[in-house]
1. Look through 40, 119, 36, 45 and report the one residue that is out of contact with any Gly (no Cβ under 6 Å at 6 or more places or on another chain) and on the phi > 0 side of the Ramachandran plot.
2. If we keep just the residues of the stretch 193-206 that are in a helix (DSSP H, G or I) and among the polar types (S, T, N, Q), which is modelled with the lowest pLDDT?
3. Which members of the stretch 92-109 meet the condition of being surrounded by fewer than 19 Cβ atoms within 10 Å (Cβ to Cβ) and over 12 Å from the mean Cα position of the chain (by Cα)?
4. With (1) more than 20 Å from the chain's Cα centre (by Cα); (2) crowded, with 17+ Cβ neighbours inside 10 Å; (3) more than 30 Å from residue 36 (Cβ to Cβ) as the list, and residue 119 as the residue in question, which single condition is left unmet?
5. Would a scan of the stretch 119-127 turn up a residue that is part of a helix (DSSP H, G or I) and over 22 Å from residue 83 (Cβ atoms)?
6. Cβ-Cβ under 8 Å, sequence separation 6+ or interchain: first residue in the stretch 141-164 and touching a residue at least 40 places away in the same chain (Cβ under 8 Å) and closer than 12 Å to residue 196 by Cα, partner surrounded by 24 or more Cβ atoms within 10 Å (Cβ to Cβ) and among the acidic types (Asp, Glu). Which pairs?
7. For residue 67, state whether it is open to solvent by 40 Å² or more (accessible area, probe 1.4 Å) and of a type in the set (Ser, Thr, Tyr).
8. Could you please give the count of residues in the stretch 2-46 that are open to solvent by 60 Å² or more (accessible area, probe 1.4 Å), in contact (Cβ under 8 Å) with a residue 40 or more places away in the chain, farther than 16 Å from residue 56 by Cβ and in contact with a helix residue (DSSP H, G or I) (Cβ under 8 Å, 6 or more places away or on another chain)?
Amino acid sequence: MKMSTPFWLYWLDIALAHMQEALRCRGDAARVQAAGGQYGEALIGETRASMVAAVASAACIESFAKTVAIRAGGDSAFRGKAARAVLDVLTTAFAIERAVLEKRLRQLFDDRNSAIHSGETSSASAPHPLGVETGRANAYFTVERAAGAIGLAADLLEECVARAVGGDEPSPAAGLMRARASDVDVRVAQIRECVLQIQGRAGVTGGADSQ
């Protein structure tokens, strides 16, 4: 018996859960601030959750692209930079305009790299969306950042799944993903709807322009 693990879908679930956690922490911080208390710990919680959401969103798309590459004959494209490999694989497989996709991926992987590769430094404070001054990293990794990252990932997945399921003449790679996409298209749509609802509660929208 053979079984497979959809890591890319798991990563999207992880991103969604941490976006929800970031939103919860933002609400806690706002309530404590309104009561005149110390809200720093809640803002740190928002930062941590937003970092994970950003990293998980990029991991989702990288895992999805690698899955496409493997089904098309191998993942040799992933021996170089992940962002470039993802761009090449998804552009070829799903006929997405390269310039548009490159912009979307750059935002995802820039956020991922900022979370993973940044060292601890001292810098001037920065304004946080809550209306307070805080550390630059805390002002960067926020609910808005998490919303943008997961919105980009979910939009891209939904587009690829739709092209694989409904395309009249999919590429060989997209055609190989057709059966798998048919299995998960409802789940991807459900996650995208959940993302939209959370973004509405947070008062933000997904995509690079929202950040």
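1. Numbers: 40 fails: on the phi > 0 side of the Ramachandran plot; 119 fails: on the phi > 0 side of the Ramachandran plot; 45 fails: on the phi > 0 side of the Ramachandran plot.
Testing whether each residue is out of contact with any Gly (no Cβ under 6 Å at 6 or more places or on another chain) and on the phi > 0 side of the Ramachandran plot leaves just 36.
2. Applying the first criterion (in a helix (DSSP H, G or I)) to the stretch 193-206 yields 193-202.
In the following step, the residues that additionally are among the polar types (S, T, N, Q) were identified as 197, 199.
Details: 197: 78, 199: 71.
Top of the filtered list is 199.
3. 92, 95, 96, 97, 98, 99, 100, 101, 102, 103
4. (2)
5. Applying the first criterion (part of a helix (DSSP H, G or I)) to the stretch 119-127 yields none.
No: the stretch 119-127 contains no residue that is part of a helix (DSSP H, G or I) and over 22 Å from residue 83 (Cβ atoms).
6. 148/111
7. Values: open to solvent by 40 Å² or more (accessible area, probe 1.4 Å): no; of a type in the set (Ser, Thr, Tyr): yes.
No.
8. 2
The values are calculated or read from the model by the stated rules, or taken from the named source; none is laboratory data. Just so it is clear, the model here is predicted, and its values are computed rather than measured. With ideal geometry, Cβ positions are generated from the backbone for all residues, glycine too; neighbour counts draw on all protein chains shown. Note: accessible area is taken over every heavy atom of the protein model, side chains too, but ligands, DNA and RNA are not part of it. Shrake-Rupley method; radii C 1.70, N 1.55, O 1.52, S 1.80 Å.
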